[in-house]
Amino acid sequence: MKTKIWLSSPHMSGNEKKYVNEAFDTNWVAPLGPNVNNFEKELSEYLKISDVAALSSGTAALHLALIILGVAQGDEVICSSFTFSASANPIVYQGAIPIFIDSEEDTWNMDSELLETAIKDRISKGKKPKAIILVHLYGMPAKIDKIFEIANKYEIPIIEDAAEALGSKYKNKACGTFGKLGILSFNGNKIITTSGGGALISDNKEYIEKARFLATQARDNAPHYQHSNIGYNYRMSNIVAGIGRGQLEVLNNRIDARRKNNLFYQNLMSEINGISFLKELNSDFYSNFWLTTIVINQKHSNTTSEKLRLEFEKENIETRPLWKPMHIQPIFEKYPKYLNGVSEKLFQNGLCLPSGSNLTENDKERISEVIIKNLK
Ligand SMILES: *Cc1c(COP(=O)(O)O)cnc(C)c1O
């Protein structure tokens with residue numbers, strides 16, 4: 001059996017061990033410690049944002065963002081439908097109601113016209129949405145200007161889900177730093193990983209202080225254990241943050257590698273009919289190309305995304321369909337949704353290709369062979 005080529009696997013730099021060893025050598029194995037503080041500082045410098053709270057996951061970061069914005073039982077929260085379920089689950093943790101918005105054709109992110117339609121409709125039904133969760137999917141920035149213009153007009157705060165978009169930029173400013181709050185993920189398949197972790201980011205230091213407080217069981221300032229709030233155990237540990245510090249040192253390098261993968265695929269398939277790519281619309285958009293994705297137009301192709309996926313599987317190469325939209329997920333289909341058919345069409349015809357920053361030339365050869373054999 002040929003070795004497995006993964007969709008997106010962890011890619012260590014070597015320096016992670018140095019920071020993890022430091023934590024062991026100094027016995028900073030207890031949850032918090034210098035790696036956590038330094039990881040937060042280094043991340044905030046990288047992103048050019050005031051403050052960062054390192055947390056146990058991106059999902060935990062989103063949950064705290066909703067709590068900090070006061071989202072509670074019965075409130076409505078707007079969310080991109082075309083995303084991973086972790087974008088929407090925390091809305092339901094709060095007893096709130098997700099309102100799903102479909103994608104636009106060009107960035108695949110939240111459609112601004114549908115967003116405004118939804119806001120007007122919810123207001124006319126008597127409830128103004130409490131927040132908007134805007135996802136930058138596959139690393140591609142959403143149309144920040146358009147979306148924020150609408151959100152500002154109706155005075156609804158935006159939480160940016162930049163879990164897949166660390167290092168992506170819009171008009172040269174980091175994704176995740178536009179909204180009242182932003183979240184990142186360092187899960188194993190993301191552009192950099194801590195083996196599992198996340199962060200909440202904001203220019204409002206009070207929000208981040210509050211996040212740190214809530215993430216460490218909401219202890220009041222007293223010598224004994226005193227609690228006036230419900231707390232959570234959502235903090236990143238000092239060991240895990242050591243991995244993050246080593247990874248952050250090579251983030252730019254990882255972005256370069258993923259962008260090169262994207263170019264490799266575009267060059268490889270430039271002559272093939274019926275294949276389209278998710279592209280940066282103009283120089284305002286800078287994607288980390290976390291994953292390279294293609295869409296197969298069945299009318300103009302001799303294959304389908306599912307057939308191609310199975311051909312890759314035969315060669316022990318992992319590919320995956322695009323995210324199944326939330327509005328057609330069994331657990332979420334009962335919630336209100338504003339649709340245009342775009343995300344369902346993408347789900348039917350799209351495929352994520354191996355995109356790790358650690359793909360070798362030999363891996364690329366094997367991938368090329370499958371593509372040439374099945375598409376040319
Ligand atoms: C990975 C991911 C998350 C969740 O991050 P975790 O760290 O796995 O909890 C949230 N949103 C999107 C879009 C993601 O891809």
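Candidate cross-link partners of LYS171 among the aspartates and glutamates, defined by an alpha-carbon separation under 20 Å and a same-chain spacing of 8 or more, comprise GLU45, GLU104, ASP106, ASP111, ASP145, GLU149, GLU160, ASP161, ASP203, ASP256, GLU280, ASP284. Seen through its C-alpha gyration tensor, with square-root eigenvalues sorted a ≥ b ≥ c, the chain comes out oblate because a/c lies at 1.5 or above while a/b is not bigger than b/c. Probing with 1.4 Å while keeping every protein chain in the model, the per residue accessible area of the chain equals 43 Å². Remark: the stretch 1-68 is approximated by an ellipsoid whose semi-axes, taken from the C-alpha gyration tensor as √(5λ), come to 26, 21, 13 Å, largest first.
When only the Cβ of Lys, Arg, Asp and Glu is charged (+1, +1, -1, -1), the dipole of the stretch 1-155 relative to its Cα centre reaches about 320 debye. For the stretch 119-172, chymotrypsin sites (Phe, Trp or Tyr not before Pro) meeting the loop criterion (DSSP other than H, G, I, E, B) and having at most 16 other Cβ atoms within 10 Å: TYR154. GluC sites (Glu not before Pro), restricted to the stretch 268-376: which are DSSP loop and have at most 13 other Cβ atoms within 10 Å? Filter output for the stretch 268-376: GLU271, GLU333.
Accessible area per residue (1.4 Å probe, heavy atoms of protein chains only) ranks TRP323, TRP6 as TRP6, TRP323, with the largest value leading.
Relative contact order of the chain: 25 percent, from C-alpha pairs under 8 Å at least 6 residues apart in sequence. Cα centroids of the stretch 86-159 and the stretch 1-30: how far apart, whole angstrom? So the separation of the two Cα centres works out to 36 Å.
Whole-Hz Karplus values for the stretch 93-108 come out as 3, 7, x, 8, 10, x, 10, 9, 10, 6, 9, 8, 5, 8, 9, 6 Hz, taken residue by residue from phi with 6.51 cos²θ - 1.76 cosθ + 1.60 and θ = phi - 60°; glycine and proline positions read x. In this structure, the residue pairs whose Cα-Cα separation is over 26 Å, taken from LYS169/LYS334; LYS299/LYS324; LYS127/LYS180; LYS205/LYS337; LYS279/LYS364; LYS18/LYS205, are LYS169/LYS334; LYS205/LYS337; LYS18/LYS205. Among residues other than PHE186 with Cβ under 15 Å from its Cβ, the summed charge is -2 (Lys and Arg +1, Asp and Glu -1). Positive-end ranking of ILE183, SER112, ILE101 along the dipole of the stretch 64-194, with charges on Cβ about the Cα centre, is headed by ILE183.
The values are calculated or read from the model by the stated rules, or taken from the named source; none is laboratory data. What you are looking at is a predicted structure, and each value in this text was computed from that prediction instead of being measured. Cβ sites come from the backbone with ideal geometry, for glycine too, and all protein chains shown count toward neighbours. Keep in mind that these areas ignore ligands, DNA and RNA; they rest on the heavy atoms of the full protein, side chains included. Shrake-Rupley method; radii C 1.70, N 1.55, O 1.52, S 1.80 Å.
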